[in-house]
Amino acid sequence: MTQRERQILNWIEENPLISQQELAEKAGITRSSVAVHISNLMKKGYITGKGYIVHTAPYVTVVGGVNMDIGGWPSEVPVDRDSNPGAVRMSLGGVGRNIAHNMSLLGLDVRMVTAFGDDLYAQKIAASCGELGIDISQSPVIPEGHTSTYLFINDEKGDMLLAVSDMDIYRHLTPQLLSQRQKLLSGSQVLVIDTNIPAESIAYLAENCPVPIFADPVSTAKAVKLQPVLGRLHTLKPNRIEAELLSGVAITDEASLRAAADALLATGLHRVFISLGGDGVFAADRSGERVHLPVLPAEMVNTTGCGDAFMAAITWAYLAGTDLTGTAKAGLAASAIAMEGAETINPAMSAESLKLRAGL
């Protein structure tokens, strides 16, 4: 769905009896242009006939962070406490936004709830979401707020050395704000969350949303927000350290890896995918299936967005009815595609390329 189609559909949802002329005046375009957009919406199955009966197509909602990412890549081995020659780039990011972007490239209908600052970064992110067809109409703009910004430095191989994040704006994503969007949240096929949002908001979602919730712990500092609600989540995607923290099991070998997964599943989780970096992924579910898969061959350019691509892919695979092993393969394939792109999101991501890479 294009940005203009989304805009027109929102107006029709507010007033199903609105005329094409009224829509044209609202949009600042001709009536004939409105007719074309409505025809496209009808072909895509979003609306039916005059009087406009609105059909809500299956969708996924992401509740989490959007950032302006600023990254630095030294051209040689970096020297501490010194200026290093290299390249600096700006790109759109945020765990939630990156997941949403990848899911959009995989062909999913994506809605997103986040908080925007009242600034140029927000305008740039909003424009990109519109181009991708990601619906952000339920995301508030905070007056005088500053859109979240994430600064990272990679080494000469593309691995992250350190990062600094300014994410104060997410305190505005309160349970009260989310409760006002309950219909959107509860109507999702899957709800994907990241831990950039407040702990009380995560608790609200876990308690009040009767849909499968997929959670990305983001970091060890933020992963603790998930501890009280693990049993209400469907799928968890931690890395090794986050899995140790949330399970209480030190992971030192294959046996302890299985024990950590078992401890997490014992809370009530349905599935867990433990990312092991270069050692692949360990996946487990409540049925007793366990699988440890290696990483797929890939040319490493930038690993920053691999985890976000993995989460998008396992959501996509779940919705496609893929089994645990196939879902893990999809995640690894998405990570391989992601790391081959210079930017956080590789535009080469697609359902077709993912299936080919994963052998699905």
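The values are calculated or read from the model by the stated rules, or taken from the named source; none is laboratory data. A quick note: this is a predicted structure, and the numbers were derived from the prediction, not measured. Virtual Cβ from ideal backbone geometry, glycine too; neighbours counted across all protein chains shown.
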### Task
Please go through segment 184-228 and pick out each residue that is acidic (Asp, Glu) and either over 21 Å from ALA317 (Cα atoms) or not assigned by TED's automatic domain parsing to the domain that holds ILE136 (or both).
GLU200, GLU207
### Task
Give the residues of segment 1-20 that are surrounded by fewer than 16 Cβ atoms within 10 Å (Cβ to Cβ), part of a loop (DSSP other than H, G, I, E, B) and touching a residue at least 60 places away in the same chain (Cβ under 8 Å), sorted by residue number.
THR2
### Message
Looking at segment 96-142 only, could you name the residues that are closer than 23 Å to LEU354 by Cβ, in a loop (DSSP other than H, G, I, E, B) and among the acidic types (Asp, Glu)?
### Response
ASP109
### Task
Would you mind telling me which numbered condition in (1) more than 30 Å from the chain's Cα centre (by Cα); (2) touching a residue at least 40 places away in the same chain (Cβ under 8 Å); (3) over 24 Å from ALA338 (Cα atoms) TYR46 fails?
(1)
### Task
Give me the pairs, please: first residue somewhere in segment 346-360 and hydroxyl-bearing (Ser, Thr, Tyr), second residue anywhere and assigned to a helix (DSSP H, G or I), beta-carbon distance under 7 Å, and either six or more positions apart or on two chains.
SER350/LEU105; SER353/ILE337
#### Entry: Residue tally, condition surrounded by fewer than 19 Cβ atoms within 10 Å (Cβ to Cβ) and assigned to a helix (DSSP H, G or I), over segment 185-209
6
### Query
Can you name the residue in segment 234-256 that is in a helix (DSSP H, G or I) and touching a helix residue (DSSP H, G or I) at 6+ places or on another chain (Cβ under 8 Å) and is also surrounded by the fewest Cβ atoms within 10 Å (Cβ to Cβ) among such residues?
ILE241
### Task
Note down all Cβ pairs under 6 Å where the first residue falls in segment 181-192 and is of a type in the set (D, E, K, R), the second is at pLDDT below 95, and they're at least six residues apart or on different chains.
ARG181/GLN138
### Criterion (of a type in the set (Asp, Glu) and more than 11 Å from ALA338 (Cα to Cα)) met by exactly one of ASP285, ASP308
ASP285
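Hey, any hits in segment 68-79 for a residue that's surrounded by 12 or more Cβ atoms within 10 Å (Cβ to Cβ), in contact with a strand residue (DSSP E or B) (Cβ under 8 Å, 6 or more places away or on another chain) and free of Cβ contacts under 8 Å to residues at least 60 places away in the same chain?
No: segment 68-79 contains no residue that is surrounded by 12 or more Cβ atoms within 10 Å (Cβ to Cβ), in contact with a strand residue (DSSP E or B) (Cβ under 8 Å, 6 or more places away or on another chain) and free of Cβ contacts under 8 Å to residues at least 60 places away in the same chain.
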### Query
Looking at SER104, SER75, SER83, SER91, which is the one that is of a type in the set (S, T, N, Q), within 24 Å of GLU156 (Cα to Cα) and under 19 Å from the mean Cα position of the chain (by Cα)?
SER91
#### Entry: Among the residues listed as GLY145, GLY231, the single one being assigned by TED's automatic domain parsing to the domain that holds GLU343 and either crowded, with 21+ Cβ neighbours inside 10 Å or part of a loop (DSSP other than H, G, I, E, B) (or both)
GLY145
### Message
With the requirement that a residue be under 20 Å from PRO198 (Cβ atoms) and either touching a helix residue (DSSP H, G or I) at 6+ places or on another chain (Cβ under 6 Å) or surrounded by fewer than 16 Cβ atoms within 10 Å (Cβ to Cβ) (or both), what does segment 118-139 give you?
### Response
ILE136, GLN138
### Summary
Within segment 321-358, residues of a type in the set (Lys, Arg) and surrounded by 24 or more Cβ atoms within 10 Å (Cβ to Cβ) come out as LYS329
### Message
Is it the case, given these coordinates, that MET300 is of a type in the set (A, V, I, L, M), touching a residue at least 40 places away in the same chain (Cβ under 8 Å), in contact with a Lys or Arg (Cβ under 8 Å, 6 or more places away or on another chain) and not in a loop (DSSP other than H, G, I, E, B)?
### Response
no
### Message
Checking the conditions here, which among ALA328, ALA342, ALA338, ALA309 is of a type outside the set (Asp, Glu), touching a residue at least 24 places away in the same chain (Cβ under 8 Å) and touching a strand residue (DSSP E or B) at 6+ places or on another chain (Cβ under 6 Å)?
### Response
ALA328
### Query
Could you give every pair whose Cβ atoms fall below 8 Å, whose first residue belongs to segment 115-133 and is on the phi > 0 side of the Ramachandran plot, and whose second residue is of a type in the set (Val, Ile, Thr) and surrounded by 18 or more Cβ atoms within 10 Å (Cβ to Cβ), counting only separations of at least 6 or pairs across chains?
GLY133/VAL110
### Task
Mind listing whichever residues of segment 210-228 are surrounded by 20 or more Cβ atoms within 10 Å (Cβ to Cβ), without any contact (Cβ under 8 Å) to a residue 40 or more places away in the chain and in a loop (DSSP other than H, G, I, E, B)?
PRO217
